[in-house]
1. From (1) charged (D, E, K, R); (2) in contact (Cβ under 8 Å) with a residue 12 or more places away in the chain; (3) assigned to a helix (DSSP H, G or I), pick out the condition that doesn't hold for Glu71.
2. Can you say whether Glu76 is within 27 Å of Trp107 (Cβ to Cβ) and not in a helix (DSSP H, G or I), as far as the supplied structure shows?
3. State which residue is farthest from Gly169 (Cα to Cα) when the search covers only region 107-148 and only residues that are surrounded by 13 or more Cβ atoms within 10 Å (Cβ to Cβ) and of a type in the set (Gly, Ala, Ser).
4. If Val86 passes every condition in (1) in contact with a helix residue (DSSP H, G or I) (Cβ under 9 Å, 6 or more places away or on another chain); (2) under 18 Å from Ala101 (Cβ atoms); (3) β-branched (Val, Ile, Thr) but one, which one does it miss?
5. Pairs under 6 Å by beta carbon, first residue free of Cβ contacts under 8 Å to residues at least 12 places away in the same chain in region 132-149, partner in a helix (DSSP H, G or I) and loosely packed, with under 10 Cβ neighbours inside 10 Å, six or more apart or different chains?
Amino acid sequence: MKNFNRIPIGYILSVVFVVSLIFAQFLNVEFGERMADKFYSFSSEMVLLVPCIFLLIGLLDVWIPQQWIQEHVGEESGFRGAVLVVLLAMFLGGPLYGAIATAHLLWKKGCSLRNVFMYLGAYSTLKVPMLLFEVSFLGWKFTLVRSAVALPVFILIAEIMAAYARRAGVQLKQFEDDVENNQRIRIDCVSEARTNHNLIRGWTSPSSQRK
């Protein structure tokens with residue numbers, strides 16, 4: 001029983017779901033068959049998209065410097081950082097779980113919590129492909145009104161969530177840890193360089209040459 005309690009609840013729910021699908025197929029339950037079709041479609045999409053998403057995330061992690069993220073969308077970025085994350089979210093495509101991976105990368109590299117939440121809100125409501133699809137079915141007026149209402153709402157939600165996270169002690173811990181590690185590495189490198197420089201000066205000094 002103790003070992004059973006150690007199993008993550010996600011694994012248990014996954015097993016229950018798969019068993020339910022198998023029983024639904026054997027019993028020819030219409031609802032279960034539709035659920036299995038949706039699950040297969042969604043799984044196929046994930047198998048195709050997730051590797052591409054992680055590849056792009058890896059490239060962004062390597063190409064975009066940490067200092068650039070902190071400067072442009074960090075805690076001190078202000079209005080400019082908010083505009084940048086909203087524009088970034090608008091011109092990206094793909095499912096929401098891709099945005100979550102990008103948001104984690106931004107947070108890890110020093111993006112403020114407010115901008116991270118704002119990015120997720122803009123990604124879920126203001127993506128350009130979604131806006132164009134909405135315009136084709138509901139018209140420009142509806143899209144403009146809906147966007148004008150959604151934009152201040154998710155900005156307000158981002159501010160509230162960021163304030164709550166700060167009070168809860170959630171901050172740019174990963175970024176701070178990386179900065180501390182980088183500073184420690186620089187100090188070690190400087191100390192080693194000074195030691196080598198002193199050794200070289202000692203070897204090349206006139207007194208050592210006379211000896």
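Every number here is computed from the coordinates shown, using simple stated rules; none is lab data. Remember, it's a predicted structure, so these values are computed and weren't measured experimentally. Cβ coordinates were reconstructed from backbone atoms using ideal geometry, including for glycine residues, and neighbour counts include every protein chain displayed.
1. Only one criterion is unmet by Glu71, namely (2).
2. On the way: within 27 Å of Trp107 (Cβ to Cβ): yes; not in a helix (DSSP H, G or I): yes.
Spelling it out, Glu76 is indeed within 27 Å of Trp107 (Cβ to Cβ) and not in a helix (DSSP H, G or I).
3. Looking at the filtered set, the residue picked out is Ser147.
4. Failing condition for Val86: (2).
5. Here the result reads none, with nothing in region 132-149 linked to a residue that is in a helix (DSSP H, G or I) and loosely packed, with under 10 Cβ neighbours inside 10 Å.
Residue by residue, here is whether (1) within 16 Å of the chain's Cα centre (by Cα); (2) loosely packed, with under 14 Cβ neighbours inside 10 Å; (3) in a loop (DSSP other than H, G, I, E, B) holds:
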| site | (1), (2), (3) |
| --- | --- |
| Phe23 | no, yes, no |
| Phe42 | no, yes, no |
| Leu55 | yes, yes, no |
| Leu88 | yes, no, no |
| Leu105 | yes, no, no |
